[in-house]
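Let me begin by presenting the structure, written as structure tokens, before commenting on it.
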Amino acid sequence: MSKPKIATASLAGCFGCHMSILDIDERILKLIELVDFDKSPIDDIKEFTGRCAVGLIEGGCANEENVRVLQDFRKHCDILISVGDCAIMGGIPAMRNNIPLKECLDEAYLNGPTVHNPENITPNDKEIPLCLDRVYPCHEVVKIDYHLPGCPPSADTIWQALVALLTNKPLELPYELIKYD
Amino acid sequence: MSEHITFTIDGVEIKGKAGQTILQAADQAGIYIPRLCYLSELIPHGSCRVCTVIVNGKPQAACTQPITEGMTVENDTPELKEHRRNIIDMLFVEGNHYCMFCEKSGNCELQAMAYRLGIPAPKYPYLFPEKDIDATHPDIFIDRNRCILCGRCVEASRDIDHKGVFEFVGRGINKKVAVNAEANLKDSNFKVADKAADVCPVGSIIKKRVGFAVPVGQRKYDSKPIGSEIENKK
Ligand code: SF4
Ligand code: SF4
Ligand code: FES
């Protein structure tokens, strides 16, 4: 029987949650016995090669590309997990949610104290994904099956969740592993 | 009237004293009823409703309801747990709780209650409301993004410090803690030694220059759930 597949993505996140996945240390060898990695920055596979058992999402949706990637994950994954506070509540990027988008862009590209931009241009190349009006948690965009809180969630949290799901056990995190920081 | 009052919580017989509230009698018996706005030194005012229990079939706030002979109290039921989770969920989405950089994290009662209730994420949409901060005071900081309107600061300042530095203004979603001063906290007579500087359950009123003093892993609620100090008395 072929192994189930896992896919991972970082949307508006800092890759800290992916670091936490790597932090499962030598257990990653056990994980490789349990699963194959599909689309993921870990193996640099850019497009899905097939259906995945589990998708791990780091980061919330800050731009249209984040939304597209997230929807693609929902389409390809049986179980979709929000990993970390950015995916769950927007995290640090969501601090812009109280500031109008134009003000954010003006501060970043025109008015900020370290900005050097003699032509006064806010980047607008069509290759650059359009920013959303605010940063959205993943479960406000697609259905999410499980949430692993933390900034980032600890390696133990990710490990326990994956092993539970891959062995068809209920995902119940013990007290010590539910952390919002 | 007899001094002692016997009643049950989840079928367990409890003996309390006349004049006690359900919460006080339960605490003494080593039964934890979840609560947020209650603080034993202050007059309970029943604002958060986390302590709601079913008394003789009707919901009541355990922190304000006096005990009576023979009453039956339900506390640890799936329905009440769900009800408490809903309140905590709402408090999270109605504020801006960035626990990852909050000084109170690990020592915060709201967060601890969410941990105890096993909440991985609030189920309601985040409102990301606009709230203001007041960093004018040399020793104390107010971040209203994290205020859960429990009223502890209002009461402590009024009844213990006898200053009345804080009061609620506005209604509903616009309700907020205001300070009794020309403009900002620095213009008030609030002092870092005041009781009101110590009572905030969340990271809304915090002292400057003491944040992050206790390392992660050793903070109040890192390994022991909120309420376990009461349950351990049993
Ligand atoms: S006050 Fe508590 S719940 Fe709010 S951000 Fe701080 S630690 Fe988190
Ligand atoms: S500032 Fe703190 S103590 Fe005062 S009402 Fe808000 S949460 Fe309660
Ligand atoms: S603790 Fe009783 S209403 Fe808040």
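The values are calculated or read from the model by the stated rules, or taken from the named source; none is laboratory data. Fair warning: this is a prediction, and the values are worked out from it, not measured in the lab. Virtual Cβ from ideal backbone geometry, glycine too; neighbours counted across all protein chains shown. All accessible areas refer to the heavy atoms of the entire protein, side chains included, with ligands and DNA or RNA removed. Shrake-Rupley method; radii C 1.70, N 1.55, O 1.52, S 1.80 Å.
Compute the accessible area of each residue in the range A:137-181 twice, once for its chain alone and once with every protein chain present, using a 1.4 Å probe on heavy atoms, and list those whose area falls by at least 50 Å².
A:Tyr175, A:Ile178, A:Lys179, A:Tyr180, A:Asp181
Taking the alpha-carbon centroid of each part, what is the distance from the range B:1-77 to the range A:100-173 in angstrom?
Measuring centre to centre over Cα atoms gives 44 Å.
Determine ³J(HN,Hα), in whole Hz, for all residues of the range A:142-157 in sequence, where each value follows from phi through the Karplus function 6.51 cos²θ - 1.76 cosθ + 1.60 and θ = phi - 60°; x replaces Gly and Pro.
Once θ is set to phi - 60°, the couplings for the range A:142-157 become 9, 6, 10, 8, 9, 10, 10, x, x, 10, x, x, 5, 4, 4, 4 Hz.
Once both labels are modelled 7 Å past Cα along the beta-carbon direction, what's the A:Asp43-A:Asp25 spacing in nm?
The two pseudo-label positions are separated by 2.5 nm.
P(r) for the range A:89-161: what percent of alpha-carbon pairs falls in each 5 Å bin, starting at zero?
Bin by bin from 0 Å, the calculated values are 3, 12, 16, 17, 16, 11, 10, 7, 5, 1, 0.
Return the equivalent ellipsoid semi-axes of the range B:52-193 as a descending list in whole Å, where each equals the square root of 5 times an eigenvalue of the C-alpha gyration tensor.
On the way: eigenvalues 192, 89, 36 Å².
Each semi-axis is √(5λ); the values are 31, 21, 13 Å.
Are there any residues in the range B:108-129 with a reduction of at least 10 Å² in accessible surface when going from the isolated chain to the assembly of protein chains? Probe 1.4 Å, please list them by number.
Output list: B:Tyr115, B:Gly118, B:Ile119, B:Pro120, B:Ala121, B:Pro122, B:Pro125, B:Tyr126, B:Phe128.
Chains B and A: how much accessible area gets covered up at their contact, both sides added, probe 1.4 Å, in Å² to the nearest hundred? Write out the running numbers ahead of the final one.
On the way: alone 12230 and 10600 Å², together 20640 Å².
Counting protein atoms only, the buried area is about 2200 Å².
Whose amide H sits under 5 Å from the amide H of A:Gly84, counting only residues 5 or more places off or on another chain, with H placed in the peptide plane?
Here the answer is A:Leu148, A:Gly150, since their amide H atoms fall under 5 Å of that of A:Gly84.
Counting only protein heavy atoms and a 1.4 Å probe, tell me what percentage of the protein assembly as shown's accessible area is made up of carbon and sulfur.
Details: 11140 of 20640 Å².
Taking all protein chains in place, the protein assembly as shown shows 54 percent carbon and sulfur surface.
In sequence order, what are the phi-derived ³J(HN,Hα) couplings for the range B:175-182 according to the Karplus relation 6.51 cos²θ - 1.76 cosθ + 1.60 with θ = phi - 60°, rounded to whole Hz, with x for glycine and proline?
5, 8, 7, 10, 10, 7, 7, 3
Considering amide H positions built from the backbone, and no H for Pro or chain starts, which residues 5 or more places from A:Lys5, or on another chain, come under 5 Å of its amide H?
Counting only residues 5 or more places away or on other chains, the set is A:Asp36, A:Ala53, A:Val54.
Would you mind computing the Rg to Rh ratio of the range B:93-169 from its alpha-carbon coordinates, Kirkwood style for Rh? Walk me through the intermediate numbers first.
Values: Rg = 14.3 Å, Rh = 14.4 Å.
Reported Rg/Rh (Cα atoms, Kirkwood Rh): 0.99.
Restricting to DSSP H runs of at least four residues, report the calculated mean residue ellipticity at 222 nm for chain B, -39500 (n - 2.57) per run over all residues, nearest 500 deg cm²/dmol. Don't skip to the end; give the middle numbers.
Details: 5 runs with 40 residues, N = 234.
So the calculated ellipticity at 222 nm is -4500 deg cm²/dmol.
Using the heavy atoms of the protein chains alone and a 1.4 angstrom probe, what is the accessible area of chain B per residue in square angstrom?
On the way: 11160 Å² over 234 residues.
Here the per-residue accessible area is 48 Å².
Return the FRET efficiency for the residue pair A:Asp78, B:Lys175: r is the Cβ-Cβ distance, R0 is 41 Å, and the value is rounded to the nearest 0.05. Don't jump to the answer; show the numbers that get you there.
On the way: r = 44 Å, r/R0 = 1.07.
Plugging the Cβ-Cβ distance into 1/(1 + (r/R0)^6) gives 0.40.
Quick one: among A:Leu29, A:Leu148, A:Leu70, which has the greatest mean-square fluctuation in a GNM of chain A with alpha-carbon springs under 10 angstrom?
Residue with maximal mean-square fluctuation among A:Leu29, A:Leu148, A:Leu70: A:Leu29.
Please compute one quarter of the surface area of the Cα convex hull for the range B:1-105 and express it in square nanometres. Can you show the working numbers first?
On the way: hull surface 31.2 nm².
Projected over every direction and averaged, the Cα hull of the range B:1-105 covers 7.8 nm².
Go through the range A:90-129 and flag every residue whose accessible area shrinks by 50 Å² or more with all protein chains in place compared to the isolated chain (probe 1.4 Å).
Residues losing area: A:Asn98.
Report the per residue volume, in Å³, of the convex hull enclosing the C-alpha atoms of the range A:1-68. Each step should come with its number before you reach the end.
Numbers: hull volume 5.7 nm³, N = 68.
Dividing the Cα hull volume of the range A:1-68 by its residue count gives 84 Å³.
With a 1.4 Å probe and every protein chain left in place, work out the accessible area per residue of chain A in Å², rounded to a whole number.
On the way: 9470 Å² over 181 residues.
I get 52 Å² per residue for chain A.
Taking DSSP loops as anything outside H, G, I, E and B, show the longest stretch in chain B free of GluC sites (Glu not before Pro) there with at most 12 other beta carbons within 10 Å. Working shown, then result.
Details: sites that count: B:Glu3, B:Glu41, B:Glu69, B:Glu130, B:Glu182.
That would be B:70-129.
Name the lysines eligible as straight-distance cross-link partners of B:Lys207: C-alpha to C-alpha under 18 Å, and not fewer than 8 places from it in the same chain.
Cα-Cα hits under 18 Å: B:Lys104, B:Lys186, B:Lys191, B:Lys195, B:Lys220.
Using the Karplus curve 6.51 cos²θ - 1.76 cosθ + 1.60 with θ = phi - 60°, work out ³J(HN,Hα) for each residue of the range A:61-67 in order, rounded to whole Hz, and write x for Gly and Pro.
9, 10, 9, 5, 5, 3, 5
If eta is 1.002 mPa s and T is 20 °C, what Stokes-Einstein diffusion coefficient results for the range A:21-153, Kirkwood Rh from Cα pairs, in µm²/s? Before the final figure, lay out the partial values.
Details: Rh = 16.7 Å.
Approximately 128 µm²/s, per Stokes-Einstein.
Which whole-percent values make up P(r) of the protein assembly as shown when all C-alpha to C-alpha distances are grouped in 20 Å steps starting at zero?
The distribution over the protein assembly as shown is 23, 50, 25, 3, 0, given as percents.
Top mean-square fluctuation among B:Ala61, B:Ala196, B:Ala18, Gaussian network model of chain B, C-alpha springs under 10 Å?
With Cα springs under 10 Å in chain B, the top fluctuation among B:Ala61, B:Ala196, B:Ala18 is at B:Ala18.
Over all directions, the average projected area of the alpha-carbon convex hull for the range B:141-234 comes to how many nm²?
On the way: hull surface 32.0 nm².
Result: a mean projected hull area of 8.0 nm².
Which pairs break 25 Å Cα to Cα here: A:Lys102/A:Lys179; A:Lys46/B:Lys123; A:Lys46/A:Lys143; A:Lys3/A:Lys169; B:Lys15/B:Lys224; B:Lys17/B:Lys81? Show your work: numbers first, answer last.
On the way: A:Lys102/A:Lys179 34 Å; A:Lys46/B:Lys123 32 Å; A:Lys46/A:Lys143 23 Å; A:Lys3/A:Lys169 17 Å; B:Lys15/B:Lys224 27 Å; B:Lys17/B:Lys81 27 Å.
Beyond 25 Å between Cα atoms: A:Lys102/A:Lys179; A:Lys46/B:Lys123; B:Lys15/B:Lys224; B:Lys17/B:Lys81.
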